[in-house]
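The structure under discussion appears below in the form of structure tokens.
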Amino acid sequence: MFASPFNESILKRAQEQGLVQIGVHDLREHTLDKHNRVDDYPFGGGAGMVMGVEPIDRAVQSVKQQSPNAHTILLSPSGRPFDQAKAWELSKKEALILVCGRYEGVDERVRECVVDEDLSVGDYVLSGGEIPAMVLVEAVSRLVPGVIGDETCLEEESFSQGLLEYPQYTRPRDYKGWTVPDVLTSGDHKKIRDWQKDEARKKTRQNRPDLLNDAPEGNAE
């Protein structure tokens, strides 16, 4: 599941340049029974299988032998929301360990005793934490210095300033009568910046009004 996303584009270059190191660890290699089971039936009954605390803890401790200061995260739909501010925070960490849940979830002792925090990538349920882990790796890695060539791009992206990013256009200027706003070809840089700020707030107000409370200048309009 991880091979293709981690070996393409920005993440591939970041690893080749030594800016980011990504390792994938199989929980089954840290089991003690002959069937390499990582899950079992839940105490108290209920549908589905629950991933056990033992193989997860053994795997995390194994990784921490090489990265003792690693910050450990459980990907879970019941975790705190993962957002751009959290991505910036995590990009400053020395190392991250991401624990991917599966089945009906993980033993609560993983959350209580093994990981430092649990994060969710959205208010929906997936079959496992692998895709959320890919999301987190992509979002955090691109904030590591040197991964993005022009780091000023990061300052203007959606959520970086508390707003969604303003609309972008490129050639041709006129396609099937669909035209680029005149201000963007005017050469007046102040008018362009003012237009970009106005459009960013307009898009945010339309698609994510909840963000305006934390955006620059509040929600005064």
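Among the residues of segment 79-104, those that are part of a loop (DSSP other than H, G, I, E, B) and buried (at least 20 other Cβ atoms within 10 Å of the Cβ) comprise Phe82, Gly101.
One residue stands out among those in segment 143-158 that are in a loop (DSSP other than H, G, I, E, B) and either charged (D, E, K, R) or at pLDDT below 70 (or both): the one that is nearest to Pro209 (Cα to Cα), which is Ser158. Among the residues that make up segment 115-131, is at least one of them more than 16 Å from His71 (Cβ to Cβ), part of a helix (DSSP H, G or I) and in contact with a strand residue (DSSP E or B) (Cβ under 6 Å, 6 or more places away or on another chain)? The answer is yes; a qualifying residue exists.
Just so you know, in segment 105-130 the residues that are in contact with an Asp or Glu (Cβ under 9 Å, 6 or more places away or on another chain) and surrounded by fewer than 14 Cβ atoms within 10 Å (Cβ to Cβ) include one that is farthest from Val140 (Cα to Cα), and it is Arg109. Among the residues of segment 50-78, those that are open to solvent by 50 Å² or more (accessible area, probe 1.4 Å) and within 16 Å of the chain's Cα centre (by Cα) comprise Pro77, Ser78.
Flag not set for Cys153, criterion: over 28 Å from Lys12 (Cβ atoms) and either touching a His at 6+ places or on another chain (Cβ under 7 Å) or not acidic (Asp, Glu) (or both).
Against the criterion of being more than 21 Å from Ala87 (Cα to Cα) and of a type outside the set (S, T, N, Q), Asp194 qualifies.
Yes/no matrix, rows are residues, columns are (1) of a type in the set (Ser, Thr, Tyr); (2) farther than 22 Å from Ile131 by Cβ:
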site	(1), (2)
Met1	no, no
Pro5	no, no
Ser9	yes, no
Gly18	no, yes
Ile22	no, no
Arg28	no, no
His35	no, yes
Asp40	no, yes
Gly45	no, yes
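Scanning segment 135-142 turns up no residue that is part of a strand (DSSP E or B) and either within 29 Å of Arg13 (Cα to Cα) or open to solvent by 20 Å² or more (accessible area, probe 1.4 Å) (or both).
Every condition in (1) modelled with pLDDT under 95; (2) closer than 20 Å to Cys113 by Cβ holds for Leu74 except the one numbered (1). When you scan segment 165-182, do you find a residue that is free of Cβ contacts under 8 Å to residues at least 40 places away in the same chain and part of a helix (DSSP H, G or I), even just one? So far as segment 165-182 goes, yes, one or more of its residues are free of Cβ contacts under 8 Å to residues at least 40 places away in the same chain and part of a helix (DSSP H, G or I). In segment 6-27, the qualifying residues are those that are assigned to a helix (DSSP H, G or I) and over 21 Å from Ala70 (Cβ atoms), and the one that is farthest from the chain's Cα centre (by Cα) is Glu16. Show the residue pairs meeting these rules: Cβ distance below 8 Å; 6+ apart or different chains; first residue within segment 184-206 and part of a helix (DSSP H, G or I); second residue among the basic types (Lys, Arg). Close Cβ pairs (under 8 Å, with a partner that is among the basic types (Lys, Arg)) amount to Thr185/Arg173.
The values are calculated or read from the model by the stated rules, or taken from the named source; none is laboratory data. As the structure is a computational prediction, the values presented were derived from the model and not from experiment. In this analysis, Cβ positions are derived from the backbone assuming ideal geometry, glycine residues included, and neighbour counts consider all displayed protein chains. Surface areas here come from the heavy atoms of the whole protein model, side chains and all, with no ligands, DNA or RNA. Shrake-Rupley method; radii C 1.70, N 1.55, O 1.52, S 1.80 Å.
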